[in-house]
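Input: a single structure, listed below in structure tokens.
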Amino acid sequence: MKRYLVFALVGPFVGGFLLLLTTTYQSGYWTQTTLGEVGKLFVVFFKTLQYSYLFGFLPSLMIGAVDDILIHIRRIGPTLRMLLVGLFAFVLASLTYSSRGPDSGVVQFILYGMVGFVPSVISSWLVHRYVEEPQSAAAPT
């Protein structure tokens, strides 16, 4: 249960911020922005944080369920599990957020994929580091 709590708290927060950074980059905001206007980005982030949790809660729990499934496979170590969970989230976020129009491309696919990859790897690492993992049952002899 703690695993899902970590994914539900960390995933939408980090993912929402990365999604905001990605969309501002795609819109060209950073080409004309001074350092003084960066504060506006954080204001927008904290004003829209409730929507990040509203729309990111269930996808984060789904990624947490993938992590929970992979932890029961003994041959998969923690590092490989974090990578697999991250790759799964990368593909899902890329397919969900990136467009298929004339402005689509590799950069857009990678940026939107990182919106899923980074929060899922951070959440999986936090779970591995701070949540007690279940002991696997001994094989019957």
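Observations
- Inter-label distance for Leu126 and Gln50, nm, one decimal - labels placed 7 Å from Cα along Cα-to-Cβ: 2.2 nm
- Estimated D of the chain in µm² per second, where Rh is the Kirkwood radius over Cα pairs and Stokes-Einstein applies at 25 °C, 0.890 mPa s: 151 µm²/s
- Net charge dipole, the chain: roughly 140 debye, given to the nearest 20, about the Cα centre with Cβ charges of +1 for Lys and Arg and -1 for Asp and Glu.
- Spin-label pair Thr33/Ala65, simplified geometry with 7 Å Cα→Cβ offset, distance in nm: 3.5 nm
- Computed on protein heavy atoms with a 1.4 Å probe, the accessible areas place Arg81, Arg129, Arg74 in the order Arg74, Arg129, Arg81, largest first.
- Angle in degrees between helix 38-47 and the longest Cα principal axis of the chain, rounded to the nearest 10: 60 degrees
- Acute angle (nearest 10 degrees) that the helix 49-71 long axis makes with the longest principal axis of the chain, alpha-carbon atoms: 30 degrees
- Helix axis angle, 106-130 relative to the chain longest principal axis, alpha carbon, degrees: 40 degrees
- Estimated purely from DSSP H runs of n ≥ 4, each contributing -39500 (n - 2.57), the mean residue ellipticity at 222 nm for the chain is -25500 deg cm²/dmol once divided by its residues.
- Note that the stretch 1-130 presents 62 Å² accessible area per residue, ligands and nucleic acids not counted, probe 1.4 Å.
The values are calculated or read from the model by the stated rules, or taken from the named source; none is laboratory data. Here the structure is a predicted model, which is why all the values come from computation and not from measurement. Every residue, glycine as well, gets a Cβ built from its backbone with ideal geometry; the counts of neighbours run over all protein chains shown. Surface accessibility is based on the protein's heavy atoms, side chains included, excluding ligands, DNA and RNA. Shrake-Rupley method; radii C 1.70, N 1.55, O 1.52, S 1.80 Å.
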